[in-house]
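Beneath this line is the structure, given in structure tokens, with notes to follow.
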Amino acid sequence: MATMTQAPEAVLLRADNVRKYYTDPRVRRQALKAVDGVSFVIRRGETFGLVGESGCGKSTLSRLVLRLEEVSGGSISFEGKDLAALGRREMLSVRRQMQIVFQDPYDSINPRMTVRQVVTEPMAVHRFDKAGWRPLADKLLADVGLSKDLADRLPHQLSGGQRQRLCIARALALSPKLLVCDEAVSALDVSIQAQILNLMLDLKEEHGLTYLFISHNLSVVKYISDRIGVMYFGKLVEVAGKEELFANCLHPYTGALFSAIPTAHPDAHRERMILKGDVPNLYEPPMGCIFSDRCPFVRAKCRDVAPEMRSFGEGHEVACHFAGELDIPRGWEGAL
Amino acid sequence: MAEDARILEINGLTVRFPTSEGVVRAVDGVSLSLDRGETLGVVGESGCGKSVMLNSIMRLLEAPPARIGGEILYNGQDILKMPKRELFRIRGKEITMIFQEPMTSLNPVIKIGPQIAETMLLHELITKDEASAKALELLRQVEIPNAEECLGKYPHQLSGGMRQRVMIAMALACKPQILLADEPTTALDVTIQAQILALLRKLKDEYHMSMMIVTHDLGVIAEVSERVVVFYGGNVVEEAPTRALFDTPLHPYTEGLLGCIPHLSTKTGRLRVIEGNVPNPIDLPEGCVFAPRCPRRERLCVEERPALKEVGDAQGGKRHRVACHMA
């Protein structure tokens, strides 16, 4: 793979054939394959976007990246260190380098802590010198655009946008290298969403951050990302630089996802591809290619053999037997 | 425009909720109308009063505590003053509604078939067998695969998209005049959203209904509606044919809203933003509701609430109205 030949120091995070199976023998014998053989790299300083519909495993993947859950197979390495091999103490120091912002700013803050306590909690966990807490907290709050007057407020006195700013400030408290944003703007109103997206771009420049940005919203992902991975049903089906992906998407699911984006203007006429059927049942995946039961281009081979990731030009990888041979509508032109 | 072309007309609707912290002015003097056969989009951010307005059309708000003023005329009759008997005849039959979260709006312990049949048994003189035969036909119309099998399933056995189709089937059961949809696709994935929007467009034509879709998503508006009403802080700030709204938004809020959505064609750089937060409905500004966030604010805006006024040419009899002193 082209991306794998990068100099090692350029790669911040590498996921190699990562799998996460959930089994509950009381319910079912077979495992639920939430993430099934996903490989990608995130380079230092870039924003890697991950899109997919609900249940495709993107949130599970984000939790695996932070080792909030253990992988069932494969490996994830951060700055060359295999996360699964780290002891508790080493993990603690690595986790300083990677932080997360969750989707719902209402659920991810302790309601009984003041704004300042929320921001200083990570400093306490990682035993920062106590004298430095307050100035650092003030700086962080200023960085994310929260006024000083709010420092002694409780979360319920903040608006949704302010809470999300607070979550970002907390995540930045440890000066991480990697910030995982799991649907970080999805719960916000559009006018607030724009404010937070701008803030994230500013912070990225100021703090030299690398983002793993997970969202179901393609427009948002395209706006903020440098490279994009498309997930479907536990697998990565296509990875490419964002311009390349939008100019030349090769997987039919990517095409369908683009087609499904609402039109930006009532006059925009688009050639569209609307998928039939539902996201498949996680317990009964289709044979062969996981997309075969909804794919409009399906052929006999697709139902028998699962396609492997193949490279199509620099950094563009696709898991489809017939990638490049299909006539996928450029459904995103004129889309919102 | 002839008066009878209007199927629904809302005049000066106000909805207030007294709370321990003060009176929440959820809807603060809204007037709008829905024409026969038209799809009207209502767009706004959370807390702007769009859902409360929709619920008051169906008289789903408990009053008291809610204090509702103004009038909602359906075929000339005021829904708000209608006796209960009359209301029950119309609600669920002539005016129906679909909600955002199909799981919480379906009864989890009743099978799909009987659940759809219930509406028809309530409003029409038909037998149970006829009702369940019609339920099957409805499920086919909303394009549910294996409709027979679906009749005997419980809501939890269906996916989100399928549940929303069932909701739509229920809403259509009595051939309604008006379909109210409250964020019908917000809880769904994009590929499923595209399916449901296509379905709603098709059914609206087949049933010759009028439709009012409430959403926060301008993309959904562009897809389905012919005319748009923009809500902000319990007020209508702009009303226009969809094309005109997208081409020449006149209210600074609408302009900001259109500007702050990342388009797929947006190049890197910063998004335009609307500074500040949505207004607190307990403490709405005296003047223009948008004034505290408005880049074009003048003294007049802070002092006096602007009324909706007509601007430009009417396109095909559809007015473009805006509530802004500066427009």
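Taking the Cα centre of the range A:164-316 as origin, sum charge times position over the Cβ atoms of Lys and Arg (+1) and Asp and Glu (-1), and report the length of that vector in debye to the nearest 20.
Values: 16 positive and 18 negative charges, 56 e Å.
Here the range A:164-316 has a charge dipole of around 260 debye.
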- Query: Each label point is 7 Å from the Cα along the Cα-to-Cβ direction; what then is the distance between the points at residue B:121 and residue B:103, in nm?
  - Reply: 2.7 nm
- Task: Place a +1 charge on the Cβ of each Lys and Arg in the protein assembly as shown and a -1 charge on the Cβ of each Asp and Glu, then give the dipole magnitude about the Cα centre in debye, rounded to the nearest 20.
- Result: 1420 debye
- Query: Farthest toward the dipole's positive end in the range B:164-216, which of B:181, B:166, B:207, given Cβ charges of +1 (Lys, Arg) and -1 (Asp, Glu) about the Cα centre?
  - Reply: B:207
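For the range A:13-247, what relative contact order do you get, as a whole percent, if you take Cα pairs closer than 8 Å and at least 6 residues apart?
On the way: 424 pairs, mean separation 69.2, N = 235.
It comes to 29 percent, rounded to a whole number.
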- Item | Cβ-Cβ FRET estimate between residue A:113 and residue B:299, R0 fixed at 51 Å, reported to 0.05 | 0.75
- Measure out, as a whole number of angstrom, how far apart the alpha-carbon centroids of the range A:256-327 and the range B:225-255 sit. 36 Å
- Between residue A:16 and residue A:96, how many nm apart are label points set 7 Å from Cα along the C-beta direction? 2.7 nm
- On average, how much accessible surface per residue is there in the range A:13-247, in Å², for a 1.4 Å probe, leaving out ligands, DNA and RNA? 40 Å²
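If you count, for every residue in B:185-197, the Cβ atoms of partner chains within 10 Å of its Cβ, what is the mean? Please list the in-between numbers first.
Values: counts 1, 0, 1, 2, 10, 13, 15, 7, 3, 11, 6, 0, 4.
So the per-residue partner count for this stretch is 6.
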- Query: Total accessible area buried between chains B and A, 1.4 Å probe, in Å² to the nearest 100?
  - Reply: 3700 Å²
- Item | Furthest towards positive pole of dipole, B:145, B:229, B:308, structure part chain B, Cβ charges | B:145
- Hand me the GluC sites (Glu not before Pro) from the range A:54-108 located in a DSSP loop with no more than 11 other Cβ atoms within 10 Å, in residue order please. A:70
- Note to self: C-alpha centroids of the range B:149-167 and the range A:185-219 sit apart, in Å, by 35 Å
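Which shape class applies to chain B: rounded if a/c is under 1.5, otherwise prolate when a/b exceeds b/c and oblate if not, where a ≥ b ≥ c are the square roots of the Cα gyration tensor eigenvalues? Present the calculation step by step, with values, prior to reporting the outcome.
Values: a/c = 1.87, a/b = 1.55, b/c = 1.21.
Prolate, because a/c is 1.5 or more and a/b exceeds b/c.
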- Query: Under a point-charge model restricted to the Cβ atoms of Lys and Arg (+1) and Asp and Glu (-1), what is the dipole moment magnitude of chain A relative to its Cα centre, in debye to the nearest 20?
  - Reply: 1040 debye
- Message: If you average the alpha carbon positions of the range A:97-170 and of the range B:187-215, how far apart do those two centres end up, in angstrom?
- Response: 41 Å
- Query: Based on the Cβ-Cβ distance from residue B:247 to residue B:62, what FRET efficiency comes out when R0 is 41 Å, to the nearest 0.05?
  - Reply: 0.50
- What nm distance separates the two modelled labels at residue A:326 and residue B:309, each placed 7 Å from Cα along Cα→Cβ? 5.5 nm
- Query: Assuming R0 = 51 Å, what is the FRET efficiency of residue B:21 and residue A:134, from their Cβ-Cβ distance, to the nearest 0.05?
  - Reply: 0.95
- Item | Choice from B:15, B:228, B:311 with maximal GNM fluctuation in chain B (Cα, 10 Å cutoff) | B:311
- Query: Can you give the angle from 0 to 90° between the axis of helix B:160-172 and the longest principal axis of chain B, with both taken from C-alpha atoms, to the nearest 10?
  - Reply: 80 degrees
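In the neighborhood of residue B:18, defined by Cβ-to-Cβ distances under 12 Å, what is the net charge if each Lys or Arg adds +1 and each Asp or Glu adds -1? Each step should come with its number before you reach the end.
Details: positive: B:16, B:25, B:67; negative: B:21.
After counting each charged neighbour, the total is +2.
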- Note on the structure: Taking a ≥ b ≥ c as the square roots of the eigenvalues of the Cα gyration tensor, with a/c under 1.5 meaning rounded and otherwise prolate when a/b exceeds b/c and oblate if not, the range A:13-247 is prolate
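By its C-alpha gyration tensor, with a ≥ b ≥ c as the square roots of the eigenvalues, how is the protein assembly as shown shaped: rounded for a/c under 1.5, else prolate for a/b larger than b/c, else oblate?
It is oblate, given that a/c is not under 1.5 and a/b is not larger than b/c.
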- Note, residue A:117: beta-carbon cut-off 13 Å, +1 each Lys/Arg, -1 each Asp/Glu, net +3
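The values are calculated or read from the model by the stated rules, or taken from the named source; none is laboratory data. For clarity, every value in this text was computed on a predicted model and none was experimentally measured. Cβ sites come from the backbone with ideal geometry, for glycine too, and all protein chains shown count toward neighbours. What goes into the accessible areas is simple: the full protein's heavy atoms, side chains included, and nothing from ligands, DNA or RNA. Shrake-Rupley method; radii C 1.70, N 1.55, O 1.52, S 1.80 Å.
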